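The values are calculated or read from the model by the stated rules, or taken from the named source; none is laboratory data. All of these numbers come straight from a predicted model, not from anything done at the bench. Don't worry about glycine lacking a Cβ; one is built from the backbone with ideal geometry, like all the others, and counts go over all protein chains shown. With ligands, DNA and RNA removed, areas are computed over all heavy atoms of the protein, side chains included. Shrake-Rupley method; radii C 1.70, N 1.55, O 1.52, S 1.80 Å.
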Amino acid sequence: MSLRIVVCVKYVPDATGDRHFSDDLTTDREAVDGLLSELDEYAVEQALQISEAADDAEITVLTVGPEDARDALRKGLSMGADKAVHVEDDELHGTDVMGTSLVLAKAVEHVGYDLVVCGMASTDGTMGVLPAILAERLGVPQVTQLSAVAVADGKVTGRRDGDAASEQLEAALPAVVSVTDQSGEARYPSFKGIMAAKKKPVETLDLDDLGIDAEDVGLAGAWTKVEDATKRPARTAGTIVKDEGEGGKQLAEFLAGQKFI
Ligand SMILES: Cc1cc2nc3c(=O)[nH]c(=O)nc-3n(C[C@H](O)[C@H](O)[C@H](O)COP(=O)(O)OP(=O)(O)OC[C@H]3O[C@@H](n4cnc5c(N)ncnc54)[C@H](O)[C@@H]3O)c2cc1C
């Protein structure tokens, strides 16, 4: 039977652009272009490698986000995913990680899955907790922060590299994994892949389709609240150390004062 892989990909504001908050203290998405979160490209790549090693596999890229979030799905499809699911609903505006994980869990169940692959963290929220919450909501094992991942004999195995040691982990499928930026360079979409992506199916779902109450998501259902946001202060002039015999000592003292050493 086909191995069903769902890759969660997030559409994020381009970090190189100037980002602002709207009046309700949510991200002003009109003011900045978006793109597929770069760390999620590693998740798509690992799913493609697992699929290539399997006899028969199908990859679905899944996103929860506004209309433009389709761009993230197109990128995943042009890299080689088979189909896409886009959850879009006006009521999702301001949804935090608890709401996002709820919607993703319902959508993953809707698609059907053996393995869910996530990135290690989104490049905007950067909490890195969504995969764990998603696994809990689905009631399946989680194997997170993997630098190497493989599937065989109904199990997912992987290596998690820490500062002091590497761990070898495994879990029975179905499971949720997240992969790091050490898992292997993500491929560029080929021209053929970009053309093929235009014909691949993209299913759009809303909250009704997933049986989710609007009050459980959006700003109303969020467990977190942005109370205030202020612009980052302009950079001040740095400390200049002139070496007149004591330069090294002064530099070391400065670094120690900043708790760098
Ligand atoms: C203070 C705060 C303010 C927020 N404001 C807004 C807002 O104004 N507008 C808004 O839309 N959201 C908002 N959010 C929600 C937020 O952007 C995330 O969608 C959500 O909280 C997930 O957290 P994260 O992005 O840090 O996920 P992480 O845990 O860092 O993400 C890990 C992985 O989970 C997957 N993933 C995460 N999000 C998605 C997604 N949406 N679709 C598919 N896969 C995903 C990806 O694989 C990703 O690599 C806010 C969250 C917080 C905490």
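Any residue at all in segment 93-100 that's aliphatic (A, V, I, L, M) and either open to solvent by less than 10 Å² (accessible area, probe 1.4 Å) or not in a helix (DSSP H, G or I) (or both)? Spell out how you get there, then give the answer.
Step one: list which residues in segment 93-100 are aliphatic (A, V, I, L, M), which gives 97-98.
If we keep only those that are either open to solvent by less than 10 Å² (accessible area, probe 1.4 Å) or not in a helix (DSSP H, G or I) (or both) as well, we get none.
The answer is no; no qualifying residue exists.
So which residues in segment 1-29 are more than 9 Å from the ligand (Cβ to nearest atom), at pLDDT below 95 and open to solvent by 20 Å² or more (accessible area, probe 1.4 Å), if there are any at all?
We begin by selecting, within segment 1-29, every residue more than 9 Å from the ligand (Cβ to nearest atom); these are 1-6, 13-20, 23.
Restricting the remaining residues to those that are at pLDDT below 95 gives 1-2, 13-20, 23.
Passing the criteria: M1, S2, D14, A15, T16, G17, D18, R19, H20, D23.
Out of all the residues in segment 232-241, is one or more open to solvent by 40 Å² or more (accessible area, probe 1.4 Å), under 30 Å from P141 (Cβ atoms) and free of Cβ contacts under 8 Å to residues at least 24 places away in the same chain?
Residues of segment 232-241 that are open to solvent by 40 Å² or more (accessible area, probe 1.4 Å), as a first pass: 232-241.
Narrowing further to those that are under 30 Å from P141 (Cβ atoms): none.
The answer is no; no qualifying residue exists.
Being among the hydroxyl-bearing types (S, T, Y) and closer than 24 Å to A150 by Cβ narrows it down to one of T123, T100, T60, so name that one. Working first, answer last.
Working: T123 fails: closer than 24 Å to A150 by Cβ; T100 fails: closer than 24 Å to A150 by Cβ.
Just a single option satisfies the conditions, and that option is T60.
Look at segment 195-216 and say how many of its residues are under 23 Å from D71 (Cα atoms), aliphatic (A, V, I, L, M) and in contact (Cβ under 8 Å) with a residue 40 or more places away in the chain.
So the count comes out to 6.
Which one of the conditions (1) within 9 Å of the ligand (Cβ to nearest atom); (2) part of a strand (DSSP E or B) does H86 fail to meet, given that it meets all the rest?
(1)
If you go through segment 181-196 one residue at a time, do you hit one that is among the aliphatic types (A, V, I, L, M) and open to solvent by 60 Å² or more (accessible area, probe 1.4 Å)?
Taking segment 181-196 and keeping what is among the aliphatic types (A, V, I, L, M), we get 186, 194-196.
Narrowing further to those that are open to solvent by 60 Å² or more (accessible area, probe 1.4 Å): 194-195.
Checked against the condition, which is being among the aliphatic types (A, V, I, L, M) and open to solvent by 60 Å² or more (accessible area, probe 1.4 Å), segment 181-196 yields at least one hit.
Has segment 32-48 got at least one residue that is in a helix (DSSP H, G or I) and over 16 Å from A186 (Cα atoms)?
Step one: list which residues in segment 32-48 are in a helix (DSSP H, G or I), which gives 38-48.
From the residues that got through so far, the ones that are over 16 Å from A186 (Cα atoms) too are none.
No, there is no match, as no residue in segment 32-48 is in a helix (DSSP H, G or I) and over 16 Å from A186 (Cα atoms).
Among the numbered criteria (1) buried (at least 16 other Cβ atoms within 10 Å of the Cβ); (2) within 13 Å of the ligand (Cβ to nearest atom); (3) among the acidic types (D, E), which one does E58 miss?
All conditions are met except number (2).
As an exercise: evaluate V32 against (1) modelled with pLDDT under 95; (2) buried (at least 21 other Cβ atoms within 10 Å of the Cβ); (3) among the aliphatic types (A, V, I, L, M) and give the number of the one condition it does not meet.
Among (1) modelled with pLDDT under 95; (2) buried (at least 21 other Cβ atoms within 10 Å of the Cβ); (3) among the aliphatic types (A, V, I, L, M), V32 violates only (2).
Could you figure out which of (1) at positive phi; (2) more than 14 Å from the ligand (Cβ to nearest atom) isn't true of K192?
(1)
Of all residues in segment 123-159, count the ones that are within 12 Å of the ligand (Cβ to nearest atom) and open to solvent by less than 20 Å² (accessible area, probe 1.4 Å).
Adding up the residues that qualify gives 3.
Among the helices (runs of 4 or more DSSP H) lying completely within segment 114-226, list those that include at least 1 residues that are under 20 Å from K83 (Cβ atoms). Walk me through it before giving the result.
On the way: elements: 130-138, 191-197, 207-210, 218-221.
Result: 130-138, 191-197, 207-210.
Let me spell it out: the conditions are (1) free of Cβ contacts under 8 Å to residues at least 60 places away in the same chain; (2) more than 11 Å from the ligand (Cβ to nearest atom); (3) closer than 17 Å to W223 by Cβ, and E91 meets all of them except one. Which number is the exception?
Evaluating E91 over (1) free of Cβ contacts under 8 Å to residues at least 60 places away in the same chain; (2) more than 11 Å from the ligand (Cβ to nearest atom); (3) closer than 17 Å to W223 by Cβ leaves (1) as the failure.
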